[in-house]
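Engineer: Dropping a structure here in structure tokens format, bear with me for questions.
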Amino acid sequence: MSASVILPPSCIGILGGGQLGRMLALEARRCGYRIAVFTDEKPGCPAGQWADAEFNGPYDDTEMLDRFLNQVDVVTAEFENIPDPCLVHVEQKKPLRPSRRAIWTTQHREREKLFLRDQGIACADFRIVSSYEEFESAVNALGRPSVIKTAAFGYDGKGQKKIESSTDLAAVWADFEGNHAVVEQWVPFVCEISVVGARSMDGRMAVHGVIENIHEHHILDLSIAPARVEPSVREQALELWEAVAEGLDYVGTMAVEMFVTAAGQVLVNEIAPRPHNSGHLTLDACISNQFQQQMRAVCGLPLGDPGQHSPAVMINLLGDLWPAPLTSPDWTPVLSHPRAKLHLYGKASARSRRKMGHINVVGETVEEALENALQIKHALPLDR
Ligand code: AMP
């Protein structure tokens with residue numbers, strides 16, 4: 001193994017305090033690594049609960065950032081919306097994996113879309129607009145329906161609006177004025193899929209396969225793996241993931257969300273420069289899960305086997321399921337099922353649409369896993 005390998009008990013620094021950092025911390029601590037978390041959340045955040053040290057402050061607090069950096073051997077990020085000056089500062093002092101460039105490109109829809117176009121990677125046709133006139137001509141060129149999305153800090157469908165035949169463009173633009181926005185052709189997809197995988201420092205890649213995703217109100221509801229898609233869709237999806245990973249010279253775990261059209265064409269929707277909600281089923285279904293792979297990639301270790309040993313379905317648990325902010329639901333339907341695993345993120349209180357945890361259900365076949373998952377889902381008071 002090369003000299004640049006970072007071995008336990010070295011310390012992995014995580015930017016961000018949410019559930020993705022928590023699951024990385026759990027995985028890495030099992031292997032003997034130490035963990036330091038830097039977050040603008042309050043102490044005791046989901047990742048901080050499993051960290052050896054937690055730094056709580058704004059991302060522009062360079063003095064606190066330096067104290068964090070002094071303790072760590074390598075830094076990764078568990079969410080992409082980290083201000084660029086913070087990423088620049090980190091990268092000057094410690095190895096940052098994935099790189100600032102990869103995070104910077106993918107944290108902003110305009111940069112992400114231009115990257116995809118430059119690389120010749122298939123995605124929905126789009127225009128970048130910064131005035132009402134440009135917006136109007138973009139909608140005329142792309143046709144209706146189309147969708148306008150904020151350029152920065154959008155996720156889970158936030159900051160976007162579908163343009164239907166009757167939509168009043170002036171009213172929509174009033175919400176976006178002053179901002180750069182991306183206008184995208186509407187894709188009448190037959191299903192949404194994602195590919196989650198990792199790329200190591202020496203450019204090797206290991207993907208978990210194709211995952212089928214079902215959203216409700218723009219938030220992931222169910223993930224199903226392996227996805228029930230044609231082999232040609234699978235091949236395109238894996239090729240697209242590899243093209244994105246190579247184009248970004250990516251190191252770490254990365255997810256690419258995609259649309260599948262009725263004609264069987266696969267288009268990239270979004271890139272997540274980190275583990276992804278749809279990859280949570282890898283925790284119970286794969287030999288090396290997405291957090292194990294992230295740990296290995298950022299520490300310069302060889303990647304593990306991403307292979308899936310069991311078909312699986314993941315059910316997201318949103319705060320709407322909680323009877324009161326501090327009162328947990330009755331978990332009997334999950335805990336009494338021999339093939340279901342409950343994962344909770346240790347969030348202090350529940351609120352609507354907040355991601356609180358997930359359930360993974362495995363089966364001999366994808367149909368069996370899905371049947372069991374739907375039984376469990378219906379036994380939980382999900383439609384409160
Ligand atoms: P995003 O935040 O861009 O991932 O979008 C959230 C969800 O909105 C996606 O998962 C799709 O269900 C839907 N969506 C976004 N863009 C498009 C598009 N161009 N065509 C059709 N549906 C879209």
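Engineer: For the range 174-190, how many residues meet the condition of being more than 23 Å from A243 (Cα to Cα) and open to solvent by less than 10 Å² (accessible area, probe 1.4 Å)?
Structural biologist: Of the residues in the range 174-190, 2 are more than 23 Å from A243 (Cα to Cα) and open to solvent by less than 10 Å² (accessible area, probe 1.4 Å).
Engineer: Report, by residue number, each residue of the range 266-296 that is among the hydroxyl-bearing types (S, T, Y) and within 11 Å of the ligand (Cβ to nearest atom). Lay out the reasoning, then the answer.
Structural biologist: First, the residues of the range 266-296 that are among the hydroxyl-bearing types (S, T, Y): 278, 282, 288.
The answer is S278, and nothing else.
Engineer: Out of the range 38-65, which residues are more than 20 Å from M23 (Cβ to Cβ) and either touching a residue at least 60 places away in the same chain (Cβ under 8 Å) or among the acidic types (D, E) (or both)?
Structural biologist: Residues satisfying the conditions are D60, D61, E63.
Engineer: In addition: Being more than 19 Å from the chain's Cα centre (by Cα), of a type in the set (D, E, K, R) and assigned to a strand (DSSP E or B) is the requirement here; does E54 meet it? Explain how you work it out, then say what you get.
Structural biologist: Numbers: more than 19 Å from the chain's Cα centre (by Cα): yes; of a type in the set (D, E, K, R): yes; assigned to a strand (DSSP E or B): yes.
Spelling it out, E54 is indeed more than 19 Å from the chain's Cα centre (by Cα), of a type in the set (D, E, K, R) and assigned to a strand (DSSP E or B).
Engineer: Next up: Of the residues in the range 81-101, how many are in contact (Cβ under 8 Å) with a residue 40 or more places away in the chain and more than 21 Å from G300 (Cα to Cα)?
Structural biologist: Of the residues in that region, 3 qualify.
Engineer: Another one. Which ones in the range 191-215 are open to solvent by 20 Å² or more (accessible area, probe 1.4 Å), within 16 Å of the ligand (Cβ to nearest atom) and touching a residue at least 60 places away in the same chain (Cβ under 8 Å)?
Structural biologist: Once the filter is applied, which keeps residues that are open to solvent by 20 Å² or more (accessible area, probe 1.4 Å), within 16 Å of the ligand (Cβ to nearest atom) and touching a residue at least 60 places away in the same chain (Cβ under 8 Å), the range 191-215 yields C191, E192.
Engineer: Taking the range 268-300 as the region of interest, how many residues are open to solvent by less than 20 Å² (accessible area, probe 1.4 Å), closer than 21 Å to H108 by Cα and assigned to a strand (DSSP E or B)?
Structural biologist: 3
Engineer: Could I ask something else about it? Please note which strands (runs of 3 or more DSSP E) are completely contained in the range 74-180 and include at least 1 residues that are within 30 Å of V260 (Cα to Cα), away from the ligand (no atom under 16 Å from the Cβ) and out of contact with any Cys (no Cβ under 8 Å at 6 or more places or on another chain).
Structural biologist: Values: elements: 74-77, 126-129, 146-150, 160-163.
Per the criteria, 74-77.
Engineer: Still on this structure, please answer the following. Could you please let me know if A151 is exposed (fewer than 15 other Cβ atoms within 10 Å of the Cβ) and not assigned by TED's automatic domain parsing to the domain that holds S310?
Structural biologist: On the way: exposed (fewer than 15 other Cβ atoms within 10 Å of the Cβ): no; not assigned by TED's automatic domain parsing to the domain that holds S310: yes.
No: the conditions fail for A151.
Engineer: Restricting the search to the range 347-384, which residues are in contact with a strand residue (DSSP E or B) (Cβ under 9 Å, 6 or more places away or on another chain), assigned to a loop (DSSP other than H, G, I, E, B) and touching a residue at least 40 places away in the same chain (Cβ under 8 Å)?
Structural biologist: Within the range 347-384, K347, R353, G363, L380, L382 meet the criteria.
Engineer: Quick one: count up the residues across the range 51-68 that are more than 27 Å from E112 (Cβ to Cβ) and buried (at least 20 other Cβ atoms within 10 Å of the Cβ).
Structural biologist: Going through the range 51-68 one residue at a time, the tally reaches 4.
Engineer: Could you check the range 216-259 and list, in sequence order, the residues that are farther than 20 Å from P273 by Cα, surrounded by fewer than 17 Cβ atoms within 10 Å (Cβ to Cβ) and within 16 Å of the ligand (Cβ to nearest atom)?
Structural biologist: Residues satisfying the conditions are E216, H217, D221.
The values are calculated or read from the model by the stated rules, or taken from the named source; none is laboratory data. Small disclaimer: the values here were computed from a predicted structure and weren't measured. All Cβ positions, even for glycine, are placed from backbone atoms using ideal geometry, and neighbour counts span all protein chains on display. Ligands, DNA and RNA are excluded from the accessible area calculation, which covers all protein heavy atoms including side chains. Shrake-Rupley method; radii C 1.70, N 1.55, O 1.52, S 1.80 Å.
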